[in-house]
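The values are calculated or read from the model by the stated rules, or taken from the named source; none is laboratory data. Because the structure is predicted, anything quoted here is derived from the model rather than measured. Every residue, glycine as well, gets a Cβ built from its backbone with ideal geometry; the counts of neighbours run over all protein chains shown.
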C-alpha cells in the first residue's frame with residue numbers, strides 16, 4: 001500500500017467529540033490492523049529472553065511473511081481483469097529474479113542485500129502510511145497541513161531507526177566519524193519532529209477538532225515497535241537485520257493478510273465473478289483456499305528453491321518475488337481513479 005491510497009480534498013470538519021470510523025470494524029481493526037503489533041512485541045520478548053532464532057524464523061518465513069508476499073499474486077497473476085490492466089508490468093518478474101544473481105556475478109553482493117533490505121523496510125513504512133491514509137479518509141480528516149505532518153512524521157518514525165541501524169552496523173559506514181555525526185543529527189531532528197507532532201495533536205484537541213482514534217492507535221502500536229526492534233537488532237551487527245525483519249514483518253504481514261482477505265471477499269462476491277476474474281474468484285470463496293494458495297506459492301517459489309539451491313547467487317534470485325510484491329503493491333492499492341478498489345475497501 002502506498003501514500004496515494006486515498007484522495008484528499010477539502011477542509012477538516014470540526015467537532016468537540018471523538019469520531020472514530022474503522023476500515024472493517026472496531027473489533028477487526030483493533031485485532032488485525034493495530035493489535036497484531038503484539039505479535040512483533042512477543043517475538044522481540046522471546047528473542048531477548050534467549051528463545052532460539054531458528055523456530056521463529058521458520059514460522060515467519062514459511063507460515064506468515066513468505067505467504068503474504070506471494071498472496072499478492074493471487075489478485076494479480078490469477079485475476080483475469082488485473083492481468084489485462086497490469087499488462088507488461090507482470091513481466092517485470094523476469095528482471096526482478098535476475099538482479100540478485102547479476103549483482104553477485106559482478107561482485108556487488110553486499111550492496112545488493114543492503115539495497116534489498118532497505119527497499120523491504122521502506123515498503124513496510126509505505127504500508128503503514130497506507131493504513132494511516134485509510135483512517136484519515138474514514139474519519140474525514142482532510143487538512144493538508146496534517147496530511148503532510150502525518151506523512152513525514154510516520155516515515156521518519158519508521159525509517160530513521162533503520163538508517164541509524166545501518167550507520168551503526170554496516171560496512172563501510174560503521175566507525176566513520178562523519179557517519180556517527182549523521183547518526184546523532186538524525187536522532188536530534190527526529191526528537192524535535194516528535195515534539196512538534198505531539199504538540200500539534202494537543203493543539204487540535206484543545207481546539208475541539210475530532211480525534212482520529214484509529215490513526216493515533218496505529219502510531220502508538222508501530223512507532224515504539226520500530227525503535228525497539230532496530231535498537232535490539234543493532235546488538236547483533238548487521239546480521240541483526242533478520243531479527244528486526246521478523247519482529248516488524250509479523251505485524252506487517254498480519255495487516256496485509258487481513259486487508260487482502262477483506263478486499264477479496266468484497267471484490268469477488270458478485271455472481272459473475274468467476275467468469276470475469278477467473279481463479280482469483282475461486283480462491284476468494286473460502287479463506288482456506290486463499291491461505292493454502294499463498295502457502296503453496298511460498299513453498300514452491302521461495303522456501304524449496306532456497307533449500308535446494310544453497311549457492312548465494314541462486315538464493316538471491318528468490319528476492320525477485322519480494323521485489324515484484326513491492327512493485328505490484330505500489331500499483332494495485334491505489335484508490336485514486338479506481339472505483340472498483342474503493343468499493344472493495346468500502347471507501348465509496
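Condition test on residue 276, is it surrounded by fewer than 20 Cβ atoms within 10 Å (Cβ to Cβ) and without any contact (Cβ under 8 Å) to a residue 60 or more places away in the chain? Walk me through it before giving the result.
Values: surrounded by fewer than 20 Cβ atoms within 10 Å (Cβ to Cβ): yes; without any contact (Cβ under 8 Å) to a residue 60 or more places away in the chain: no.
In short, no.
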Contact list, first residue from segment 93-119 and outside any helix (DSSP H, G or I), second anywhere and at pLDDT 95 or above, beta-carbon distance below 9 Å, six or more apart or interchain, is 108/102
Check your understanding: Is it the case that segment 148-157 has a residue that's more than 15 Å from the chain's Cα centre (by Cα), without any contact (Cβ under 8 Å) to a residue 60 or more places away in the chain and not in a helix (DSSP H, G or I)?
Key -> no
Of the candidates 338, 298, 302, the one satisfying the condition of being modelled with pLDDT under 95 and surrounded by 20 or more Cβ atoms within 10 Å (Cβ to Cβ) is 302
Within segment 261-288, of all residues that are within 22 Å of residue 23 (Cα to Cα) and in a loop (DSSP other than H, G, I, E, B), the one modelled with the lowest pLDDT is 270
Practice item. Could you tell me whether any residue of segment 200-220 is in contact with a strand residue (DSSP E or B) (Cβ under 6 Å, 6 or more places away or on another chain) and crowded, with 17+ Cβ neighbours inside 10 Å? Key: yes
Q) Before we move on, is residue 248 touching a helix residue (DSSP H, G or I) at 6+ places or on another chain (Cβ under 9 Å) and without any contact (Cβ under 8 Å) to a residue 40 or more places away in the chain? A) no
For residue 287, the lone unmet condition from (1) touching a helix residue (DSSP H, G or I) at 6+ places or on another chain (Cβ under 8 Å); (2) surrounded by fewer than 21 Cβ atoms within 10 Å (Cβ to Cβ); (3) over 21 Å from residue 28 (Cα atoms) is (3)
Being closer than 22 Å to residue 90 by Cα, modelled with pLDDT under 95 and under 21 Å from the mean Cα position of the chain (by Cα): is that true of residue 328 here?
no
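Taking segment 158-178, which residues are part of a helix (DSSP H, G or I) and loosely packed, with under 13 Cβ neighbours inside 10 Å?
As a first pass, look at segment 158-178 and keep what is part of a helix (DSSP H, G or I): 158-169, 177-178.
Residues satisfying the conditions are 177, 178.
Here's the yes/no breakdown for (1) within 16 Å of residue 322 (Cβ to Cβ); (2) more than 12 Å from the chain's Cα centre (by Cα):
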{"position": "231", "(1), (2)": "no, yes"}
{"position": "238", "(1), (2)": "no, yes"}
{"position": "241", "(1), (2)": "yes, yes"}
{"position": "248", "(1), (2)": "yes, no"}
{"position": "256", "(1), (2)": "yes, no"}
{"position": "265", "(1), (2)": "no, yes"}
Looking at residue 58, is it without any contact (Cβ under 8 Å) to a residue 24 or more places away in the chain and under 13 Å from residue 254 (Cα atoms)?
-> no
Residue pairs within 9 Å by beta carbon, gap of at least six or interchain, first lying in segment 27-38 and without any contact (Cβ under 8 Å) to a residue 60 or more places away in the chain and on the phi < 0 side of the Ramachandran plot, second loosely packed, with under 15 Cβ neighbours inside 10 Å and outside any helix (DSSP H, G or I), listed first then second, are none
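Specify which of the listed residues (124, 182) is at pLDDT below 95, part of a helix (DSSP H, G or I) and either in contact with a helix residue (DSSP H, G or I) (Cβ under 8 Å, 6 or more places away or on another chain) or within 28 Å of residue 31 (Cβ to Cβ) (or both).
Details: 124 fails: at pLDDT below 95.
Checking each option against the conditions leaves just 182.
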